Amino acid sequence: MLNETILSVVLNDKTFGQREAADIVGGRGRLFRLVKIGAIRAKKIPETRQNGRWYCNAFDVIKHAELKW
């Protein structure tokens, strides 16, 4: 619990781009599902353009990380 609190304080104002976040959570499909259900907070700027840059909350991404063996 303490580790999660420390991570929250340190990583809550940090972000990952879409590709890096997808790599950490185990793929684009999983990232999109997690964003859709609200498990990962993400913004796309500008929202109206197809090629907008994604900003995924680093704490949420790390919390849902998937280990690769």
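The values are calculated or read from the model by the stated rules, or taken from the named source; none is laboratory data. This is a predicted model, so every value here is computed, not measured. As a convention, Cβ positions derive from the backbone with ideal geometry for all residues, glycine included, and neighbour counts pool all protein chains shown.
The helices (runs of 4 or more DSSP H) found entirely in the chain that carry 1 or more residues being surrounded by 18 or more Cβ atoms within 10 Å (Cβ to Cβ) and either touching a His at 6+ places or on another chain (Cβ under 6 Å) or among the aliphatic types (A, V, I, L, M) (or both) are 18-25, 28-36, 58-63. In segment 4-26, the residues that are charged (D, E, K, R) reach residues that are surrounded by 15 or more Cβ atoms within 10 Å (Cβ to Cβ) and in a helix (DSSP H, G or I) with C-beta atoms within less than 8 angstrom, at least six apart or across chains, in these pairs: GLU4/LYS63; LYS14/ALA58; LYS14/PHE59. Restricting attention to segment 1-38, the residues that are at pLDDT 95 or above, more than 11 Å from CYS56 (Cβ to Cβ) and of a type in the set (A, V, I, L, M) add up to 1.
Kindly evaluate THR5 against the criterion of being over 13 Å from the mean Cα position of the chain (by Cα) and β-branched (Val, Ile, Thr). For THR5, the condition - over 13 Å from the mean Cα position of the chain (by Cα) and β-branched (Val, Ile, Thr) - is met.
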